[in-house]
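Colleague: Here it is, the structure in full.
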Amino acid sequence: IRVDYSEQRFQIVDNCGGIKYDDAAHEVFCFGHHPDAPRGRLGVYGIGLKRAILKIGNKIEIESHTKDEGFRVEIDVREWAARDRDLRDWTFPVTKLNGGAGKKPAGTSIAITELHREVKTRLNDGTLDSTLRRTVAQTYPFFLGHLVDVKINTTAVERRDLPFGGSDEIEEGVSKFEEEGV
């Protein structure tokens, strides 16, 4: 996962397999969840991604590719927010990409430009980089360096081990057994 930001652009790019077009069109870019959607997932209300990108800037481009297909979403927030005549105005334009599927690596890119003034201020206050690194390192210590690598403005985030019941005075308890060759 690569996070790059400046006063002009905030971008997140991953190579984590991409999002299927049907999921994007009927779940990811909808407000709320379908009544039959499975419960107990991280996105409880279905507004986290949308709320975040709308709060960052006015021009949003999202493109995602799986090994078989792709999609693109372009949002001009000012134009989108000005429409409010019926429920269709609350949708985002998800365009299916057929030609590039399989030719582009699987993954997702979210690029946001025309950043809001408050976001620019936060990007320039000198604390965002260290705060973001610390948060990622502390939140995902079991995954960083093993299952995922995260770079923020080209510099890798180093995992920060969390001490769980550790002490120099106590040895780890280890039990090993074998059953039926396993």
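The values are calculated or read from the model by the stated rules, or taken from the named source; none is laboratory data. Computed from a prediction, not measured in an experiment: that's the story for all the values here. Cβ placement follows ideal geometry from the backbone for every residue including glycine, while neighbour counts extend to all protein chains displayed. Side chains included, ligands, DNA and RNA excluded: accessible areas come from the protein's heavy atoms. Shrake-Rupley method; radii C 1.70, N 1.55, O 1.52, S 1.80 Å.
Colleague: Could you compute how much accessible surface ILE53 exposes when probed at 1.4 Å, giving the result in Å² to the nearest 10?
Modeller: Around 10 Å² of this residue is reachable by solvent.
Colleague: Further, regarding this structure: Set the Förster radius R0 to 41 Å, insert the Cβ-Cβ distance between ALA81 and ASP161 as r into 1/(1 + (r/R0)^6), and round the FRET efficiency to 0.05.
Modeller: On the way: r = 44 Å, r/R0 = 1.07.
Efficiency, from the Cβ-Cβ distance: 0.40.
Colleague: Let me ask something else about it. In whole Hz, what ³J(HN,Hα) sequence does the range 58-69 give by Karplus (6.51, -1.76, 1.60; θ = phi - 60°), x for Gly and Pro?
Modeller: With the stated coefficients, the range 58-69 comes to 9, 10, 10, 10, 10, 9, 9, 9, 9, 5, 10, 8 Hz.
Colleague: Quick one: which of 57-66, 113-122, 2-11 comes out on top by average Cβ neighbours within 10 Å, and what's the full order, highest first? Mind dumping the intermediate values first?
Modeller: Numbers: 57-66: 20.3, 113-122: 13.9, 2-11: 15.6.
Ranked from most to least packed, the peptides come out as 57-66, 2-11, 113-122.
Colleague: Still on this structure, I have one more. Please list, ordered by chain and number, the residues whose modelled amide H lies under 5 Å from the amide H of TYR140; skip anything fewer than 5 residues away on the same chain.
Modeller: Here nothing satisfies the definition.
Colleague: Quick one: what are the phi-derived ³J(HN,Hα) couplings along the range 145-158, Karplus 6.51/-1.76/1.60 with θ = phi - 60°, whole Hz, x for glycine and proline?
Modeller: Here the 3J(HN,Hα) series is x, 10, 10, 8, 10, 10, 10, 10, 6, 6, 9, 5, 8, 8 Hz.
Colleague: Oh, and also: What are the radius of gyration and Dmax of the range 56-182, computed over its Cα atoms and given in Å?
Modeller: Cα-based Rg and Dmax for the range 56-182 come out at 22.4, 68 Å.
Colleague: Still on this structure, please answer the following. What is the calculated FRET efficiency for ALA52 to HIS146, with r their C-beta to C-beta distance and R₀ = 41 Å, to the nearest 0.05?
Modeller: Working: r = 26 Å, r/R0 = 0.63.
Working from the Cβ atoms, E equals 0.95.
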